[in-house]
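What follows is a short report on a single structure.
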Amino acid sequence: MSTVTVFLNKIIIIQSLNAGRTGSRLQDDLNIRTALSEGRVSSELFDVGTKDEFMACLHKINREVRAGCYYPLIHIEAHGLNDTTGIALAAPDNYVTWQEMKGPLTEINIATRLNLIVCISACYGANFARSLATDDRAPCWALVGPKESILPRDLLKDFTAFYSELLESKDGGAALRRLYRDQYGDDAFYHFTTAEMFFESVWIGYIRDYCNNDALNERANGIIRELKKIGAYKGQSRNELKTELLRQQPDKFMQSKEHYFMMDLFEESRERFSQDYATIMQKVTEA
């Protein structure tokens, strides 16, 4: 994976909490740290209660980014839903699912030219990654969040350390090490993924699970059944259909890559994101 420089000059906290107010406490700390950055980085807190207010906040950020006001890192402070599908908001019976959040974040990510970092400080926040798909646009360049339930005081402590390191050293790797508290792999409290890491992981899994011989046989048989059903079957053998499926795969990979990484919108994405089909196939073979 190539090294990527990401631009940000504003940390935006979106808080939706009735008690604890950890977002406000994090903002107090950021006010001090960003003041020492001599104007290079600023921070702002949005307090929202309802779903409509949450969505309106994302739309406001989108408008301001498109107007050239800043490049944001968006930090969300809320409670995670127990079914891991999104976040609960301060107002009773108000929640936002990952699927609902994905669209507005994608618009902001487009406005940042694929530079958006999203930190979800809520139980199960890393599960936002489950809403992603490689046939969509990438909703952010990087995602950080806890994998499981975690105490608010620990979230505050860990993210305070994360931003302290990020603002002082400007080293994302060092900031993540502070966040992780030297717990990695299955023991880690947090999950970090980038657009590249997610895209590569999905394609490796797809080729491994759906392009092996058994899966190709099943897919080819399904195509034959469908063609017969609509009266379009012309006697193609299963092996011919399997060969055609494999022949089309590199082109589908490139179409997916260009759309996901917004290469049709931003020429610089072609240099930033260098994944190729041959490398993916090699990793599948190695695995």
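Just so you know, all these numbers are worked out from the coordinates, no wet-lab data involved. All figures in this text were calculated on a predicted structure; none of them were measured in a lab. Every residue, glycine among them, receives a Cβ derived from its backbone with ideal geometry; neighbour counts consider all protein chains shown.
Counting alpha carbon pairs within less than 8 Å and at least 6 residues apart, what relative contact order, in whole percent, applies to the chain?
On the way: 426 pairs, mean separation 46.1, N = 287.
Answer for the chain is 16 percent.
Take the Cβ atoms of ARG66 and GLU258, set R0 to 22 Å, and the FRET efficiency comes out at 0.50. Largest GNM mean-square fluctuation across GLU196, GLU64, GLU267, computed for the chain with C-alpha springs under 10 Å, falls on GLU267. In this calculation the C-beta distance from ASN212 to ASP154 is compared with R0 = 35 Å, giving a FRET efficiency of 0.25.
Among 101-110, 230-239, 167-176, what's the highest-first ranking by average C-beta atoms within 10 angstrom per residue?
Working: 101-110: 20.1, 230-239: 9.6, 167-176: 14.5.
In decreasing order of mean packing, 101-110, 230-239, 167-176 become 101-110, 167-176, 230-239.
Give me the percent of DSSP beta bridges within the chain that run antiparallel, rounded to the nearest 5. Please list the in-between numbers first.
On the way: 10 of 30 bridges.
Roughly 35 percent of the beta bridges in the chain run antiparallel, per DSSP.
Taking the DSSP bridge list for the stretch 116-233 and keeping only pairs wholly inside it, about 60 percent are antiparallel. The residue list TYR233, THR279, GLN249 was ranked by how far each Cα lies along the charge dipole of the stretch 233-282 toward its positive end, using unit charges on Cβ atoms, and TYR233 comes out on top. In plain terms, the bigger the Kirkwood radius, the slower the diffusion; for the stretch 134-195, with that radius from Cα pairs, at 4 °C and 1.567 mPa s, Stokes-Einstein puts D at 104 µm²/s.
Each pair of Cα atoms in the stretch 177-275 enters the Kirkwood radius, and Stokes-Einstein at 37 °C and 0.692 mPa s then converts it into a translational diffusion coefficient of 196 µm²/s. Assign one of three labels to the stretch 22-120, namely rounded, prolate or oblate, based on the Cα gyration tensor with a ≥ b ≥ c the square roots of its eigenvalues; rounded applies when a/c is under 1.5, prolate when it is not and a/b is larger than b/c, and oblate otherwise. Judged from the Cα gyration tensor, the stretch 22-120 comes out oblate (a/c at least 1.5, b/c at or above a/b).
Does the stretch 76-186 come out rounded, prolate or oblate, given a ≥ b ≥ c as the square roots of the eigenvalues of its C-alpha gyration tensor, rounded meaning a/c under 1.5 and, failing that, prolate meaning a/b above b/c?
It is oblate, given that a/c is not under 1.5 and a/b is not larger than b/c.
For the stretch 2-63, applying the loop criterion from DSSP together with a ceiling of 16 other beta carbons within 10 Å to the GluC sites (Glu not before Pro) yields GLU38.
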